[in-house]
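Visitor: Can you keep this structure in mind? I'll have questions shortly.
The values are calculated or read from the model by the stated rules, or taken from the named source; none is laboratory data. As the structure is a computational prediction, the values presented were derived from the model and not from experiment. We place every Cβ from the backbone using ideal geometry, glycine too, and count neighbours over all the protein chains shown. The area values use the complete protein model at the heavy-atom level, side chains included, leaving out ligands, DNA and RNA. Shrake-Rupley method; radii C 1.70, N 1.55, O 1.52, S 1.80 Å.
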Amino acid sequence: YIESVRKEYTEAQEAVKKLIANVEILETAEHKIQVLLNEQKLADIVIARIEELNKEITLADTAIIAEIREDYESLPTGSKDLVYNIEFLKNAETKIENLKSEYENAEKSVLKYRSELEKLPQVEQIKLSDKDAVAGVRTLFEQLNEIAKTLISQEENQKLIVLEERIKELEIKEQDKV
């Protein structure tokens, strides 16, 4: 409607234009439409960025999620109201916080595991009396979550396996004596 009014005004003769006293109303309406269109364009950018996020959020998404949040926060209030998928961003932020917490807990568990593994004697010095200590370290390993287990190197894991095998050998030797 406003576009047709603008067209009629533009096409009107100068004498007719001088008789129109409320052209400011048209200009104000046009300005408001432009503001709304700009707000929608800005909102559309954030909406698209949210839609591009993977459905399975990982810690690798931390930076992009923070950038999207910054983009959202920099929007004018009117544009923020147009971002219909903001809940997905909020859920992604919560997921990132949970993953960070899980990762921190995993790191703590790994430190405890490594500390206990370090306390065990070298394979050449292992005795049957170390069996409970070795079993305790195995229990610590089994209690690690999947994130923590990915932080354990093959070398570290191998040390425990070799010690367990040596304990079994010592048990067999002990039984052969009986």
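Visitor: Going through ARG138, ARG166 one at a time, which residue ends up being among the basic types (Lys, Arg) and under 30 Å from TYR103 (Cα atoms)?
Guide: One residue alone meets the criteria, ARG138.
Visitor: Take residues that are among the hydroxyl-bearing types (Ser, Thr, Tyr) and either buried (at least 17 other Cβ atoms within 10 Å of the Cβ) or in contact with a Lys or Arg (Cβ under 6 Å, 6 or more places away or on another chain) (or both) and tell me which of the helices (runs of 4 or more DSSP H) falling wholly in region 78-178 contain 1 or more.
Guide: Working: elements: 86-119, 131-143, 146-151, 154-177.
Of the helices (runs of 4 or more DSSP H) lying wholly inside region 78-178, those with at least 1 residues that are among the hydroxyl-bearing types (Ser, Thr, Tyr) and either buried (at least 17 other Cβ atoms within 10 Å of the Cβ) or in contact with a Lys or Arg (Cβ under 6 Å, 6 or more places away or on another chain) (or both) span 86-119.
Visitor: Cβ contacts < 6 Å: first residue under 11 Å from ILE147 (Cα atoms) and in contact (Cβ under 8 Å) with a residue 12 or more places away in the chain, restricted to region 90-112; second residue buried (at least 17 other Cβ atoms within 10 Å of the Cβ) and not β-branched (Val, Ile, Thr), any location; separation 6+ or different chain. Result?
Guide: ALA106/ALA148; SER109/LEU144; SER109/ALA148; VAL110/ALA148
Visitor: Another question, if that's okay. Which residues, taken from region 96-140, are closer than 30 Å to ILE57 by Cα and hydroxyl-bearing (Ser, Thr, Tyr)?
Guide: SER101, TYR103, SER109, TYR113
Visitor: Of all the residues that make up region 34-51, how many are open to solvent by less than 70 Å² (accessible area, probe 1.4 Å) and at pLDDT 90 or above?
Guide: Qualifying residue count, region 34-51: 5.
Visitor: Within region 100-114, can you find the residues that are of a type in the set (D, E, K, R) and either farther than 22 Å from VAL134 by Cβ or within 22 Å of the chain's Cα centre (by Cα) (or both)?
Guide: LYS100, GLU102, GLU104, GLU107, LYS108
Visitor: Considering only residues that are touching a residue at least 40 places away in the same chain (Cβ under 8 Å) and surrounded by 11 or more Cβ atoms within 10 Å (Cβ to Cβ), look in region 52-74 and name the one that is nearest to ILE147 (Cα to Cα).
Guide: Step one: filter region 52-74 for residues touching a residue at least 40 places away in the same chain (Cβ under 8 Å), giving 57-59.
Applying the additional criterion that residues be surrounded by 11 or more Cβ atoms within 10 Å (Cβ to Cβ) yields 57, 59.
Values: ILE57: 15, LEU59: 12 Å.
Ranking the qualifying residues of region 52-74, first place goes to LEU59.
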